[in-house]
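Report on the following structure.
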Amino acid sequence: MNEFEQQPNLAEEQAYQLTRCAIAMDQARQNGGLNSSEAVQALNENLETWVVIRTFAMRHDCPLPKNARDNLVDLSQFVAGKVFTSGQGLTDELMQTLININLQISEGFLEGQTKVD
């Protein structure tokens, strides 16, 4: 029995969190601007979500294929690096990139969940 069978909502939960963060980042960008406290909060929540995903991907019992795990770890490092350097000036392009990454990975989690069911 793999991790998704033991916890059938794990992939859905991560997909939800990624989507929620993408929406929060987009709303912050539109409502308060890139340097608003709303944008900072959205970026921090997104970073926290990626830390959880990275932790899951690095577990020895993670059911995902090695290349998928490696890609998630790499993406989490990319996101963290961009968030930490955003103090030097967050751009609309970077925010859109983070939003797109979240939505694409969220879709991947849901597609993977469908294949396991």
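In the range 1-23, the residue that is modelled with the lowest pLDDT out of those that are touching a Phe, Trp or Tyr at 6+ places or on another chain (Cβ under 7 Å) and closer than 10 Å to S106 by Cα is A11.
Condition check ((1) more than 15 Å from Q14 (Cα to Cα); (2) without any contact (Cβ under 8 Å) to a residue 40 or more places away in the chain) across all residues:
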position: E45; (1), (2): no, yes
position: A57; (1), (2): no, yes
position: C62; (1), (2): no, no
position: N67; (1), (2): yes, yes
position: L72; (1), (2): no, yes
position: Q77; (1), (2): yes, yes
position: V83; (1), (2): yes, no
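How many of the residues making up the range 16-42 are closer than 18 Å to Q77 by Cα and in contact with a Leu (Cβ under 8 Å, 6 or more places away or on another chain)? Matching residues across the range 16-42 total 2.
Restricting D26, D61 to those that are in a helix (DSSP H, G or I), touching a helix residue (DSSP H, G or I) at 6+ places or on another chain (Cβ under 7 Å) and farther than 16 Å from G108 by Cβ reduces the list to D26.
Within the range 29-48, how many residues are assigned to a helix (DSSP H, G or I) and within 14 Å of K82 (Cβ to Cβ)?
7
Among the residues of the range 83-109, the one identified as surrounded by 13 or more Cβ atoms within 10 Å (Cβ to Cβ), over 15 Å from A42 (Cβ atoms) and at pLDDT below 90 is F109. Within the range 25-46, the set of residues being surrounded by fewer than 19 Cβ atoms within 10 Å (Cβ to Cβ) and of a type in the set (A, V, I, L, M) comprises L34, V40.
In the range 64-108, what residues are outside any helix (DSSP H, G or I) and either farther than 30 Å from G32 by Cα or under 12 Å from the mean Cα position of the chain (by Cα) (or both)?
Matches in the range 64-108: L64, P65.
Which residue is surrounded by the fewest Cβ atoms within 10 Å (Cβ to Cβ), if the candidates are limited to the range 57-82 and must be in contact with a Leu (Cβ under 8 Å, 6 or more places away or on another chain) and modelled with pLDDT of 90 or more? Top of the filtered list is A80.
The values are calculated or read from the model by the stated rules, or taken from the named source; none is laboratory data. Predicted, not measured: the structure shown is a model, and the values here were computed from it. Because the Cβ atoms are built from the backbone with ideal geometry, glycine has one as well, and the counts that use them run over all protein chains shown.
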